[in-house]
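The block underneath contains the structure these notes are about, expressed in structure tokens.
The values are calculated or read from the model by the stated rules, or taken from the named source; none is laboratory data. From a predicted model like this one, the values you see are computed outputs, not experimental measurements. For neighbour counting, all protein chains shown are included, and Cβ atoms are generated from backbone atoms with ideal geometry for every residue, glycine included. Protein only, heavy atoms only, side chains kept; ligands, DNA and RNA dropped before computing areas. Shrake-Rupley method; radii C 1.70, N 1.55, O 1.52, S 1.80 Å.
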Amino acid sequence: MIRINEELEFPIEDTLFVFALDSEAGKVFNDKNKLITGIGKVNAAMELTKEIYRKRPKLIVNLGSAGSQGFHKGDVVCCTQFIQRDMDVRGLGFSLYETPLSGIPPVLEYGLQYNGLPQGICGSGDSFEMNHFETVYNIVDMEAYPLALIAMKEDIPFLCLKYISDDAGSDAADDWTVQVHLASEAFKTILFS
């Protein structure tokens with residue numbers, strides 16, 4: 001069982017663990033329902049949608065690496081708010097991060113809060129951010145937003161845990177390469193101990 005808090009737990013066999021890369025999952029999740037989507041919002045959306053229709057999970061858990069200037073390398077942060085950081089249609093009168101005519105606010109609020117972990121706001125976009133300056137979101141990744149959106153639309157509980165691998169600054173690429181392999185062990189400690 002995966003215990004989210006005092007009142008909420010889900011069977012592991014009914015949980016789908018979603019990663020962008022196999023290197024984020026390591027060997028820890030080889031015997032679990034694991035989905036590797038590939039990098040980016042389109043790949044994440046396409047692969048999760050196909051998997052939901054193949055075998056509808058009772059819980060979707062997005063685990064992966066992320067950058068942050070507000071948290072430290074090695075921290076695991078629970079994200080319950082999501083921003084599509086590369087959505088900018090202000091030229092047509094929409095708010096920054098708002099998807100036009102979708103009815104979804106610029107900050108999507110969907111996800112379970114995992115007991116004992118700090119909370120973050122995840123900005124997803126199709127770029128590896130190395131000069132992060134935005135203050136609306138404090139976590140940077142490339143897949144969480146569409147995963148949260150699809151889980152919400154499909155009415156499936158969603159848990160998003162991000163392992164901070166870099167500071168989304170000038171050394172982000174070097175830091176990520178070293179840190180990404182440590183993510184699966186951190187997730188194992190939190191979810192299966």
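Test Glu143 against the stated conditions and say whether it is among the acidic types (Asp, Glu), at pLDDT 95 or above and open to solvent by less than 30 Å² (accessible area, probe 1.4 Å). Judged against the criteria, Glu143 is a match.
Hey, any hits in region 160-176 for a residue that's modelled with pLDDT of 75 or more, out of contact with any His (no Cβ under 6 Å at 6 or more places or on another chain), of a type in the set (Phe, Trp, Tyr) and closer than 22 Å to Thr49 by Cβ? Before the answer, list the steps.
So in region 160-176, the residues modelled with pLDDT of 75 or more come out as 160-165.
Now restrict to residues that are out of contact with any His (no Cβ under 6 Å at 6 or more places or on another chain): 160-165.
Pick out the ones that are also of a type in the set (Phe, Trp, Tyr) and you get 163.
Then keep just the ones that are closer than 22 Å to Thr49 by Cβ; that gives none.
No, the conditions are met nowhere in region 160-176.
The requirement of being among the β-branched types (Val, Ile, Thr), modelled with pLDDT of 95 or more and buried (at least 17 other Cβ atoms within 10 Å of the Cβ) is satisfied by Thr15. The residue of region 122-132 that is nearest to Lys41 (Cα to Cα), among those that are within 17 Å of the chain's Cα centre (by Cα) and surrounded by fewer than 19 Cβ atoms within 10 Å (Cβ to Cβ), is Asp126. Of all residues being buried (at least 23 other Cβ atoms within 10 Å of the Cβ) and out of contact with any Phe, Trp or Tyr (no Cβ under 7 Å at 6 or more places or on another chain) in region 82-116, which is farthest from Tyr145 (Cα to Cα)? Just the residue, please. Taking the candidates together, the pick is Tyr114. If you go through region 1-12 and keep only what is assigned to a loop (DSSP other than H, G, I, E, B) and buried (at least 17 other Cβ atoms within 10 Å of the Cβ), you end up with just Ile4. For region 21-57, the set of residues classified as crowded, with 18+ Cβ neighbours inside 10 Å, under 15 Å from the mean Cα position of the chain (by Cα) and modelled with pLDDT under 95 consists of Glu24, Ala25, listed by residue number. Gly70 meets each of the listed conditions (1) over 14 Å from the mean Cα position of the chain (by Cα); (2) open to solvent by less than 40 Å² (accessible area, probe 1.4 Å) apart from (2).
Go through the residues of region 149-156 one by one and say whether even a single one is open to solvent by 10 Å² or more (accessible area, probe 1.4 Å), assigned to a loop (DSSP other than H, G, I, E, B) and modelled with pLDDT of 95 or more. Yes, there is a match, as at least one residue in region 149-156 is open to solvent by 10 Å² or more (accessible area, probe 1.4 Å), assigned to a loop (DSSP other than H, G, I, E, B) and modelled with pLDDT of 95 or more.
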